[in-house]
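Engineer: Handing you this structure, nothing more for now.
The values are calculated or read from the model by the stated rules, or taken from the named source; none is laboratory data. Treat the numbers as computed from the prediction; the structure is a model and nothing was measured. Every residue, glycine among them, receives a Cβ derived from its backbone with ideal geometry; neighbour counts consider all protein chains shown.
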Amino acid sequence: MNRKELDTALAALVARLAAPGVPASSAVLYGSAARGDWIAGRSDVNLLLVVDDASPGALATLAGAVTEWHRGGHTAPLIIGRAEWQRSVDVFPIEMTDMQLCHQVLLGPDPLDGVAVVPTDLRRALESELRGKLVRLRQAYVRFGASEATLGGFATASIGQLLVLLRCTAVLLGRDPGVDAASVVAALSDVVGADGQVVVEIAAHRPDEEWSCPSETFVRYLESVHRAVEFIDHHSQGEL
């Protein structure tokens, strides 16, 4: 599916969501498809539905539209009740910060209007996600370090979410996160370390169907993620 076909599929989904009998909702496109760096066959299409009525009966009326969308090869949208939305900012601070940086409202009012992420919530979530990512990358390195093709798969599969975390880190620090890997690394040179350019190198291979990542490149990647974890951890203690 190319971008034109994706836009057609999105328009069809929105038309079904706006049909009579379907609960009123806001449909929001975020992530790579909203930023403009969506890669066909590699990137997810991130959609959020904020519905006025989230009761089981009302949700059942969404089944046809969501099923058709899912059959097209896309991840089902996140669905949350409008009354729950504002109360969830502390639970989803990374997702909401990422949406605030770039999103497109496809239907209904903008649910991001008036949303304020608390910095302490964002810092805590960033440390949790970054530490988890570091642990999983270390597992991959120990288990598959002899296979450059496998390391490449882990590196390119993880880089998109890492960039989300780094952009949110820039927001936490009051910096401009930019729109691509190079700009976010430039904004966070003290966070990812002197060799943060490895993040840009790996991001450049995201469109590749297969990529063999040299072991030394993966080690540099591990070190940059580790530096980011340490930075966020010390930031929480007021040491930076």
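Engineer: Out of all the residues in region 189-220, which are under 24 Å from Asp44 (Cβ atoms), modelled with pLDDT under 95 and surrounded by fewer than 18 Cβ atoms within 10 Å (Cβ to Cβ)?
Structural biologist: Scanning region 189-220 gives Pro207, Asp208, Glu209, Glu210.
Engineer: Let me ask another. Please verify whether Pro77 is crowded, with 18+ Cβ neighbours inside 10 Å, touching a strand residue (DSSP E or B) at 6+ places or on another chain (Cβ under 8 Å) and closer than 12 Å to Ser26 by Cβ, treating the condition exactly as stated.
Structural biologist: For Pro77, the condition - crowded, with 18+ Cβ neighbours inside 10 Å, touching a strand residue (DSSP E or B) at 6+ places or on another chain (Cβ under 8 Å) and closer than 12 Å to Ser26 by Cβ - is met.
Okay, residues lined up against (1) hydrophobic (A, V, I, L, M, F, W, C); (2) in the same structural domain as Leu17 (by TED's automatic domain parsing); (3) under 21 Å from Val28 (Cα atoms); (4) in contact with a strand residue (DSSP E or B) (Cβ under 6 Å, 6 or more places away or on another chain):
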site: Asp98; (1), (2), (3), (4): no, yes, yes, no
site: Leu101; (1), (2), (3), (4): yes, yes, yes, no
site: Gly152; (1), (2), (3), (4): no, no, no, no
site: Gln161; (1), (2), (3), (4): no, no, yes, no
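Engineer: Any residue in region 221-236 that is touching a Gly at 6+ places or on another chain (Cβ under 6 Å), over 23 Å from Arg35 (Cα atoms) and either small (Gly, Ala, Ser) or modelled with pLDDT under 95 (or both)?
Structural biologist: Among the residues of region 221-236, at least one is touching a Gly at 6+ places or on another chain (Cβ under 6 Å), over 23 Å from Arg35 (Cα atoms) and either small (Gly, Ala, Ser) or modelled with pLDDT under 95 (or both), which makes the answer yes.
Engineer: A further question on this structure: So which residues in region 189-219 are closer than 23 Å to Glu230 by Cα, in contact (Cβ under 8 Å) with a residue 40 or more places away in the chain and not hydroxyl-bearing (Ser, Thr, Tyr), if there are any at all?
Structural biologist: Listed by number, the residues that qualify are Asp190, Val191, Val199, Ile202, Ala203, Phe218, Val219.
Engineer: Right, next: Condition first: farther than 25 Å from Met96 by Cβ, among the charged types (D, E, K, R) and without any contact (Cβ under 8 Å) to a residue 24 or more places away in the chain. Now tell me which residues in region 111-149 satisfy that.
Structural biologist: Arg143
Engineer: How many residues does region 102-160 hold that are under 30 Å from Gly81 (Cβ atoms), among the β-branched types (Val, Ile, Thr) and more than 20 Å from the chain's Cα centre (by Cα)?
Structural biologist: Number of matching residues: 0.
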